[in-house]
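The structure appears below as structure tokens.
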Amino acid sequence: LKEIQTPAHALKVASVDYPVHELICARWSARAFSDQQIEEEVIKTCVEAARWAPSSMNEQPWKYLVTQKHKEGDYQKIWECLNQGNKPWTQKAQVLIVVLAEKNIKSTGMQNAYALHDVGAANMNLLLQATSMGLLGHMMGGFHAENLIQALGIPDHLMPVLIMALGYPDKPDVLEEPFYTREITPRTRKPLENSLIWDSWV
Ligand SMILES: Cc1cc2nc3c(=O)[nH]c(=O)nc-3n(C[C@H](O)[C@H](O)[C@H](O)COP(=O)(O)O)c2cc1C
């Protein structure tokens, strides 16, 4: 696990009730990204991690459109499709990824009921791999899907699920409000009892 040493990071590491793996504690949804470019090798390693996620019938319904800020590509078009609340802080993210789901099962043409589940699992692999390499990611459902489909010409068999920002973290004070405060506010979770039913339903 590569140490992340921004002031915000110390505040964001999960404070857990049980001794969870440090990689899981260290991942959080950052908004302050540095200008440092992400090496192609590192990005590909993150997608490789996603590739090894489990999926229903091994369909692997995920697809990642990876764009880099400094490259000619779809980065700008993607950024334009983000909601107003996501536009200001994503401007510095070196990488924007459109996460897509293959809607149907290849062999039968039937709808894949687990596509979103499996894409989520792959995303988590990607984010944890990224965290282990000193990067932070931030998933966003806040984007205009119709505009994105139009702008990129996304074919009908794929569904854009999320846009993910990825970058090396920076100090929180590169952000304006309300993002600065969000960057330094510790993460919270509902109590474990809220997620866990022990032994029997009633
Ligand atoms: C499906 C999904 C959509 C999200 N959409 C947004 C978004 O549009 N903008 C944003 O700032 N954060 C977004 N988030 C980040 C969540 O707010 C964040 O994961 C949650 O508050 C927990 O914080 P943590 O990831 O730092 O633990 C999204 C997360 C997920 C999983």
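The values are calculated or read from the model by the stated rules, or taken from the named source; none is laboratory data. Computed from a predicted model, the values in this text were never measured in an experiment. Glycine gets a Cβ as well: all are built from the backbone with ideal geometry, and neighbour counts include every protein chain shown.
Conditions (1) under 14 Å from the mean Cα position of the chain (by Cα); (2) modelled with pLDDT of 95 or more; (3) buried (at least 16 other Cβ atoms within 10 Å of the Cβ), marked per residue:
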{"position": "LYS92", "(1), (2), (3)": "no, no, yes"}
{"position": "LYS106", "(1), (2), (3)": "no, no, no"}
{"position": "ALA113", "(1), (2), (3)": "no, yes, no"}
{"position": "ALA122", "(1), (2), (3)": "yes, yes, yes"}
{"position": "LEU128", "(1), (2), (3)": "yes, yes, yes"}
{"position": "HIS157", "(1), (2), (3)": "no, yes, no"}
{"position": "LEU162", "(1), (2), (3)": "yes, yes, yes"}
{"position": "TYR168", "(1), (2), (3)": "yes, yes, yes"}
{"position": "LEU175", "(1), (2), (3)": "no, yes, yes"}
Task: All positions within segment 14-33 that are under 14 Å from GLY137 (Cα atoms) and either of a type in the set (S, T, N, Q) or touching a helix residue (DSSP H, G or I) at 6+ places or on another chain (Cβ under 6 Å) (or both) - done: LEU23, ALA26, ARG27, TRP28, SER29, ARG31, ALA32
- [ ] Return the pairs, sorted by first residue and then second, in which the second residue is at pLDDT 95 or above and not hydroxyl-bearing (Ser, Thr, Tyr), the first residue lies in segment 167-192 and is closer than 18 Å to MET139 by Cα and assigned to a strand (DSSP E or B), the beta carbons are less than 6 Å apart, and the residues are 6+ apart or on different chains.
- [x] GLY167/PHE33; GLY167/ALA93; GLY167/GLN94; PRO169/ALA30; PRO169/LEU136
Task: All positions within segment 10-23 that are within 11 Å of the ligand (Cβ to nearest atom) and either touching a strand residue (DSSP E or B) at 6+ places or on another chain (Cβ under 7 Å) or not in a helix (DSSP H, G or I) (or both) - done: VAL13, ALA14
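Residues checked against (1) more than 16 Å from the ligand (Cβ to nearest atom); (2) on the phi < 0 side of the Ramachandran plot:
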residue	(1), (2)
ARG31	no, yes
SER34	yes, yes
VAL42	yes, yes
PRO54	yes, yes
GLN60	yes, no
ILE78	no, yes
GLN84	no, yes
LYS87	no, yes
TODO: State which residue pairs qualify: first residue surrounded by 15 or more Cβ atoms within 10 Å (Cβ to Cβ) and inside segment 3-17, second residue among the acidic types (Asp, Glu) and part of a helix (DSSP H, G or I) in any location, beta carbons under 7 Å apart, and separation of 6 or more residues or different chains.
DONE: ALA8/GLU183
Open item on the list: Anything in segment 96-112 that is more than 16 Å from the ligand (Cβ to nearest atom) and touching a residue at least 12 places away in the same chain (Cβ under 8 Å)? List them, or say none.
Closed with: GLU102, LYS103, ASN104, ILE105, LYS106, ASN112
Open item on the list: Would you confirm, using the coordinates I've provided, whether GLU41 is of a type in the set (Asp, Glu) and either in a helix (DSSP H, G or I) or modelled with pLDDT of 95 or more (or both)?
Closed with: yes
Open item on the list: Just to be sure I understand the filter: pairs with C-beta atoms under 7 Å, separated by 6 or more residues or on different chains, first member in segment 22-45 and under 21 Å from TYR64 (Cα atoms), second member of a type in the set (Val, Ile, Thr) and crowded, with 17+ Cβ neighbours inside 10 Å. Which pairs pass?
Closed with: ARG27/THR131; ILE38/VAL95; ILE43/VAL66; ILE43/VAL95
- [ ] Among what's in segment 46-79 and is touching a helix residue (DSSP H, G or I) at 6+ places or on another chain (Cβ under 7 Å) and surrounded by fewer than 16 Cβ atoms within 10 Å (Cβ to Cβ), pick the residue that is farthest from LYS171 (Cα to Cα).
- [x] SER56
